[in-house]
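Peer 1: Once you've had a glance at the structure underneath, I'll fire off some questions.
The numbers here are math on the coordinates, done by the rules we state, and not lab data. Bear in mind the structure is a predicted one, so any value in this text is a computation, not a measurement. Positions of Cβ are backbone-derived with ideal geometry, glycine not excepted, and every protein chain shown enters the neighbour counts.
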Amino acid sequence: MKASSMGVEFEIRLTKEEISKLEVQTLQGVFNHNEYEDTKRKIPFSLIYSHQNQDQMLINSWPKEYLGNADSICITLFNYDYEKLKGTGYCGDRISNAIMKGFEIYYNFITKHQTLKRCPYELAIPELKEKLNVPNKWLELIELASFSFNNPTNK
């Protein structure tokens, strides 16, 4: 069983045997917390499965002020994360979804596709090509998204 974090990203990985044990007992392990490259701590933790229908895991730490300084951690998985864990052996917090969205944006808008020899958005949304012909595409995408969010009728 592995549980680790990098800053605010949190993930749990279990084998199939550990997943089946989790249905009937609390699992114990060591949580690897990496705040920065030079800050690494091993924190004891308990992993509990609750049959409640909630869509986000519950993480309690003692003392409560900050996960990285905790002496112990208790993680409660609810049905949503447990089903994900059963299917993939992995579950993590919602922040990891945001990181994956960043990779998706990078792939579709920032970097050239090896086969296409251009960014995928150039084929899907050709009118963006002129707007994103700038040195800092990230900043331009953020500005376009902010403008679109603040002015939903303007396209």
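Peer 1: At what distance in nm do the modelled label points of LYS40 and ARG118 sit from each other, each positioned 7 Å from its Cα along Cα→Cβ?
Peer 2: A separation of 4.5 nm, rounded to one decimal place.
Peer 1: If I model a spin label as a point 7 Å beyond the Cα along the Cα-Cβ vector, how far apart are those points for TRP138 and GLN28 in nm?
Peer 2: If labels sit at TRP138 and GLN28, their model points lie 4.3 nm apart.
Peer 1: Which order do the peptides 18-25, 78-85 take when ranked by the mean count of other beta-carbon atoms within 10 Å per residue, highest first? Present the calculation step by step, with values, prior to reporting the outcome.
Peer 2: Working: 18-25: 13.4, 78-85: 17.0.
With the highest mean Cβ count within 10 Å placed first, the list reads 78-85, 18-25.
Peer 1: Would you mind checking the pairs LYS84/LYS131; LYS16/LYS40; LYS86/LYS137; LYS40/LYS86; LYS40/LYS84; LYS40/LYS131 and listing those with alpha carbons more than 32 angstrom apart?
Peer 2: Numbers: LYS84/LYS131 39 Å; LYS16/LYS40 28 Å; LYS86/LYS137 39 Å; LYS40/LYS86 29 Å; LYS40/LYS84 27 Å; LYS40/LYS131 42 Å.
Over 32 Å Cα-Cα: LYS84/LYS131; LYS86/LYS137; LYS40/LYS131.
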